1. Hey, any hits in segment 18-25 for a residue that's part of a helix (DSSP H, G or I), in contact (Cβ under 8 Å) with a residue 60 or more places away in the chain, at negative phi and out of contact with any helix residue (DSSP H, G or I) (no Cβ under 7 Å at 6 or more places or on another chain)?
2. Restricting to segment 231-252, and then to whatever is hydrophobic (A, V, I, L, M, F, W, C) and over 21 Å from the mean Cα position of the chain (by Cα), can you tell me which residue is modelled with the highest pLDDT?
3. Would you confirm whether or not segment 33-54 contains a residue that is among the polar types (S, T, N, Q) and in a loop (DSSP other than H, G, I, E, B)?
4. All but one of (1) among the small types (G, A, S); (2) assigned to a loop (DSSP other than H, G, I, E, B); (3) crowded, with 23+ Cβ neighbours inside 10 Å hold for G58; state the number of the condition that does not hold.
5. Does segment 239-260 include one or more residues that are more than 25 Å from A111 (Cβ to Cβ), surrounded by fewer than 15 Cβ atoms within 10 Å (Cβ to Cβ) and not aliphatic (A, V, I, L, M)?
6. Hey, does segment 70-92 have a residue that's among the aliphatic types (A, V, I, L, M) and modelled with pLDDT of 95 or more?
Amino acid sequence: MSFSFLKIHLHENTATVILSRSEKRNALSRVLLEELLQAFEDLLLEKGVRAVVLTGEGPTFCAGMDLKEMAETAKMSNPHEQWEKDARLYLELIETMLHFPKPIIAAVDGAAVAGGGGLVLASDIVIASRKAKFGFPEPRRGIVAGIVSPLLYFRTSGACAAYLLLTGSIVDADYVKQAGLVQEVVAADQTWARARELADECSLCAPEAIAMTKRMLNETIGDSLNTMLTTGAAISGTARTTAAAKEGLAAFLEKRDPDWDYPNEDPEH
């Protein structure tokens, strides 16, 4: 397996997937999303791999979508089709992780925000360092966390989802542990090691039983989740076409506060 922005390490029954775009805070470009999809497809066929640890290289787990790439898309004469493709690509990755028949354990050291937080939410077990930060600041960029929202609600509660999504706040690992998103908080140098220990514990279980349990949790108990994710993808794609998104992305790249006092040009509101 050879990738541009991923590293894969095999340790007995465990595969570690490392987001390796640290100079861009492991931001999710289209290429990185496609590589993650390919990595999970490859690891599905690796019978010796019984669990996967997902982590990030450098001081940030994942800063979310590549906003520079998004801003370049916004400059296209008709970006709507590309927005829809981007939303479907991210949705495909999230659904692949949820339906992946082996446990996925996120080892989070540093910030996991926006789409990066979505990767954490799509994982089965989350280990965070005391330096970890979580948040969904999409509304501060004029966009909507359409795919992440139902996942956040599914993993935590409506109250927690409303607080994080409506304020755009960045919170620490202790907060999300109390909310149920994170299972354990450990020292930074123990994050991967603890995730690996849990992967070993998962490996003691029968693979067929693990696969059926994941289906029960994510498809039977969460029977409406797929519908909500699909709806969220449509909302996410539409939100990126608005004047708010244009202003929010421009403000981010220009390193200034967005100005929301503009005439509303959106066709729907």
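1. Filtering segment 18-25 for residues part of a helix (DSSP H, G or I) gives 22-24.
Checking which are in contact (Cβ under 8 Å) with a residue 60 or more places away in the chain leaves us with none.
Taking every residue of segment 18-25 in turn, none turns out to be part of a helix (DSSP H, G or I), in contact (Cβ under 8 Å) with a residue 60 or more places away in the chain, at negative phi and out of contact with any helix residue (DSSP H, G or I) (no Cβ under 7 Å at 6 or more places or on another chain).
2. Kept after step one, since they are hydrophobic (A, V, I, L, M, F, W, C), are these residues of segment 231-252: 233-235, 239, 243-245, 249-252.
So of that shortlist, the ones also over 21 Å from the mean Cα position of the chain (by Cα) come out as 243-244, 250-251.
Working: A243: 90, A244: 93, A250: 88, A251: 90.
Looking at the filtered set, the residue picked out is A244.
3. Residues of segment 33-54 among the polar types (S, T, N, Q): 38.
In the following step, the residues that additionally are in a loop (DSSP other than H, G, I, E, B) were identified as none.
No, there is no match, as no residue in segment 33-54 is among the polar types (S, T, N, Q) and in a loop (DSSP other than H, G, I, E, B).
4. In the conditions (1) among the small types (G, A, S); (2) assigned to a loop (DSSP other than H, G, I, E, B); (3) crowded, with 23+ Cβ neighbours inside 10 Å, G58 misses (3) alone.
5. yes
6. Quick first cut of segment 70-92, residues among the aliphatic types (A, V, I, L, M) only: 70-71, 74, 76, 87, 89, 91.
With the extra rule that they be modelled with pLDDT of 95 or more, the set shrinks to 89, 91.
Yes; the residues of segment 70-92 include at least one that is among the aliphatic types (A, V, I, L, M) and modelled with pLDDT of 95 or more.
Yes/no per residue for (1) crowded, with 16+ Cβ neighbours inside 10 Å; (2) of a type outside the set (A, V, I, L, M); (3) farther than 22 Å from P150 by Cα:
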site: S4; (1), (2), (3): no, yes, yes
site: V17; (1), (2), (3): yes, no, yes
site: R25; (1), (2), (3): yes, yes, yes
site: V31; (1), (2), (3): no, no, yes
site: L54; (1), (2), (3): yes, no, no
site: D66; (1), (2), (3): yes, yes, no
site: E72; (1), (2), (3): no, yes, yes
site: E81; (1), (2), (3): no, yes, yes
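The values are calculated or read from the model by the stated rules, or taken from the named source; none is laboratory data. Note that this is a predicted model, so its numbers are computed, not measured. Glycine also receives a Cβ, built like all others from the backbone with ideal geometry; neighbour counts cover every protein chain displayed.
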